[in-house]
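Structure record follows, encoded as structure tokens.
Derivation of every value follows stated rules applied to the coordinates shown; laboratory data play no part. Predicted model only: the values in this text are computed from it and were never measured. For neighbour counting, all protein chains shown are included, and Cβ atoms are generated from backbone atoms with ideal geometry for every residue, glycine included.
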């Protein structure tokens, strides 16, 4: 009997722990996260008016859902609210979890399987070279046409490695710069690429933060030499963010032709500073920098259009055919831009 006494005492003590350990009500925690997320978007997101989103009208809808959400149901509320922005940069993270994107740009969905590096490699008579980081794969195609595909604009890889890539391709008749299927990255990597094709200073495209226009000097030619031979920039619906900025800048140059299809449409920038922590430990990524094309309009949603549109489908890739690459190579070899 004596052994049972501590056990019986524990049964009577346990219920009182509810009064000792106080945790916030689930609905209160969800509402705090909702308020923080809604207010962050209201304060910094640059395209509410541009996209004709009536953000104030959505407040009561999602506030009510946040109050009623239980358990993981709040993630659905957060996902649906962020999806209202229809922005491919926007995502949220669970506590310690991965990135969850509530919206996928339609052109990315269309083109994400309309490109294959394995199909591209069949157009070469030798293995392609690869930079140390693996960010750039490059070689010379038959007909003395240079080719470089950029896989990433993050970190400082292109600053360090692109000069050697261009030096290898410097004596080619023309150059194909492939930035299909490219997303995100660092502005300095974009600059490291585009400035190697400038023969004179180029005014930068406009950018705004909280409605204030940036004041930046023009792009200046960089490096020991400038590549001035004809260049074809390959783009498609999965070209996004830093890839789109690269394409838009290069399109301003007389020797550059953008070939392929309209890009995904993501111009709300911000980098690491776009990450915003909610009270519970969840986080959301909301761009606050408004980047513009040279025509003064954001490329958010509308994308960057090619100079020459060459449609390419998943069926083409399954058949082992890259029509965009073929057109660009033929155009540079022959100096004509008639699709065959």
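What the table shows:
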{"quantity": "Value of D in µm² per second that Stokes-Einstein yields for the range 120-214, Kirkwood Rh from Cα pairs, at 37 °C (0.692 mPa s)", "calculated": "223 µm²/s"}
{"quantity": "Residue order, fewest to most surrounding Cβ atoms within 10 angstrom, among 61, 194, 183", "calculated": "61, 183, 194"}
{"quantity": "Förster radius 25 Å - calculated FRET efficiency between residue 159 and residue 220 (Cβ-Cβ, nearest 0.05)", "calculated": "0.95"}
{"quantity": "Cα long-axis angle, helix 157-168 against the chain (0 to 90 degrees, to the nearest 10)", "calculated": "20 degrees"}
{"quantity": "Estimated [θ] at 222 nm from DSSP helical runs (n ≥ 4, -39500 (n - 2.57)) normalised by residues in the chain, nearest 500", "calculated": "-10000 deg cm²/dmol"}
{"quantity": "Kirkwood Rh in Å, taken over the range 136-278 so that all alpha-carbon pairs contribute", "calculated": "15.7 Å"}
{"quantity": "Compactness of the chain, expressed as Rg and Dmax over alpha-carbon positions, Å", "calculated": "25.5, 99"}
{"quantity": "Relative contact order (%) - the range 243-340, alpha-carbon pairs under 8 angstrom, separation at least six", "calculated": "29 percent"}
{"quantity": "Highest to lowest packing among 184-192, 239-247, 37-45, scored as the average C-beta count within 10 Å", "calculated": "239-247, 184-192, 37-45"}
{"quantity": "Angle in degrees between helix 4-13 and the longest Cα principal axis of the chain, rounded to the nearest 10", "calculated": "70 degrees"}
{"quantity": "Rule-of-thumb Rg ratio for the range 59-188 [Cα; 2.2 N^0.38 Å; N residues]", "calculated": "1.50"}
{"quantity": "Hydrodynamic radius (Kirkwood) for the range 221-331, which is based on Cα pairs only, to one decimal in Å", "calculated": "15.9 Å"}
{"quantity": "Calculated FRET efficiency for the pair residue 212/residue 295, C-beta based, R₀ 25 Å, to 0.05", "calculated": "0.75"}
{"quantity": "The chain: relative contact order as a whole-number percent, Cα under 8 Å and 6+ apart", "calculated": "18 percent"}
{"quantity": "Exposure proxy order (Cβ contacts within 10 Å, fewest to most) of 62, 294, 147", "calculated": "294, 62, 147"}
{"quantity": "For 326, 212, 84, order by how many other beta-carbon atoms lie within 10 Å, fewest first", "calculated": "212, 326, 84"}
{"quantity": "Relative contact order %, the range 99-173, counting alpha carbon pairs below 8 Å whose residues are six or more apart", "calculated": "22 percent"}
{"quantity": "Efficiency of FRET from Cβ geometry, residue 144 and residue 80, R₀ 45 Å, rounded to 0.05", "calculated": "0.25"}
{"quantity": "Additional length obtainable on full extension of the chain from residue 321 to residue 125, 0.36 nm per residue less Cα span", "calculated": "69.0 nm"}
{"quantity": "Separation of alpha-carbon centers, the range 138-212 and the range 39-116, rounded to whole Å", "calculated": "31 Å"}
{"quantity": "Extension reserve of the residue 309-residue 57 stretch, reckoned as 0.36 nm per residue once the Cα distance is removed", "calculated": "86.8 nm"}
